[in-house]
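To keep things clear, I will list the structure first and then write my remarks on it.
Every read-out reported here was derived from the displayed coordinates using simple, explicitly stated rules and does not represent laboratory data. Note that this is a predicted model, so its numbers are computed, not measured. No Cβ is skipped: glycine too gets one built from the backbone with ideal geometry, and neighbour counts run over all protein chains shown.
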Amino acid sequence: MKNVLMIFIDGVGIGKEDYDNNPFFQLGFKTFTDHFGLIPSLKNQNLSNKKKHLKGIDATLNVKGLPQSGTGQVSIFCGINAAKYLGFHFGPFPHSKTLELIKEKNIFIEFIKRNKKVFFANAYPKIFFEYIKKGRTKLSVTSTSCLLSGIRLNNSTDVRRAKALTAEITNERWNKKLNYNLRTISPEGGAKRLLRLSSNYHFTLFEFFLTDHLGHGRHKEEFVNIHQNLDRFLSEILVSLDYKNTSLIICSDHGNYEDLSVKGHTTNPALFISAGRNSDKIFNDVDDLTQIKSAIFNHCL
């Protein structure tokens, strides 16, 4: 099956070559060096290696202020300039005025309208489902898209059955923080699981949000472990990808993690990678967040 795999990584931009404040230079990142030859920076942010392409794309969207997750993610997953629609950047959750746009235009529902099979690979812990039952509405754009599109959200049973991934990939944090007793897996094992699952669907999305948390100064004691796990996961994805049949998109919504000198977001270009089938066409069509969705539908169906 020809398919699309999107890996969304929250809060990762392309920043300065700074060994003090940019974790990619400070700690290294083999996903960049092994697959693209060097770590991208503001001076070198357009890299290609055969069917793998990397660059920074605009996240400011011609709206003043710092880009935020709510409007940035709506712009990615709905293909519209949500910040311009509202007149300001907003986050971390989607603004109430964008909920109808999410319901009508999110990438899942667009695939479903074309009779395509879709899958959101993330699993949620019990505490999340209890949160929803209480009528709470502060949800991410991705989970909101699923709920408004009738897509089932995975739980811990799906993780145990190797039919979903926790957002941290390895299950370690679920065990330590949430008192689960899940079998821990390696980042490489998580990558192979995601690739296996995605081969059954026309479109699969996986979301990794801990980078944004680290950029805001949270989970400092886990910083190196989270960084290395993400690196190993993404590198294995690029090693084991079916380059003939799968179109891979790795993208972010705004800068943050790449500059630890501040605990807020940045105006740096957001990370964008395309690899695999039609990756060059996708890459050439995307210069800002709003163009990712259209590039997928123009070149992947």
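Assorted remarks:
- Positive minus negative residues near residue 43 (Lys, Arg vs Asp, Glu; Cβ under 10 Å): 0
- Average Cα contact separation per residue, the stretch 1-96, under 8 Å, 6 or more apart, as relative contact order %: 18 percent
- Kyte-Doolittle at least 1.6, axis length at least 18 Å by Cα - qualifying DSSP helices, the chain: none
- Gain in span if fully extended, residue 196 to residue 96, counting 0.36 nm per residue against the direct Cα distance: 32.4 nm
- Here is the tail figure for the stretch 53-134: Cα pairs spaced more than 17 Å apart come to 58 percent of all pairs.
- Its Kirkwood hydrodynamic radius, worked out from the mean inverse distance over all distinct Cα pairs, puts the chain at 19.1 Å.
- The stretch 172-293, relative contact order in percent, only Cα pairs under 8 angstrom and at least six apart counted: 23 percent
- Sum of -39500 (n - 2.57) over DSSP H runs of 4+, divided by residues of the chain (222 nm, nearest 500): -10500 deg cm²/dmol
- Distance between the stretch 29-76 and the stretch 3-24 - C-alpha centres, whole angstrom: 7 Å
- The charge dipole of the stretch 1-61, taken about the Cα centre with unit charges on the Cβ atoms of Lys, Arg (+1) and Asp, Glu (-1), comes to about 460 debye, rounded to the nearest 20.
- Projecting label points 7 angstrom from Cα along Cα→Cβ for residue 131 and residue 16 puts them 3.5 nm apart.
- For the stretch 168-301: Kirkwood Rh in Å [reciprocal of mean 1/r, alpha carbons]: 16.3 Å
- Residue 263-residue 116 FRET efficiency (beta carbon distance; Förster radius 45 Å; 0.05 resolution): 0.65
- Length released on extending from residue 228 to residue 43, taking residue separation times 0.36 nm less the Cα-Cα span: 64.2 nm
- The value of relative contact order for the stretch 65-145, using C-alpha pairs under 8 Å at least six residues apart, is 31 percent.
- For the listed residue pairs 55/293; 2/116; 263/293, the alpha carbons are over 19 angstrom apart in 263/293.
- If you wrap the stretch 1-159 in the convex hull of its Cα atoms and look at it from every side, the mean projected area works out to 12.1 nm².
- In the stretch 185-249, the alpha-carbon atoms span a convex hull of 84 Å³ per residue.
- Average projection area in nm² (convex hull over Cα atoms of the stretch 67-202, one quarter of hull surface): 8.9 nm²
- Dividing the alpha-carbon radius of gyration of the stretch 98-173 by the rule-of-thumb value 2.2 N^0.38 Å gives 1.16.
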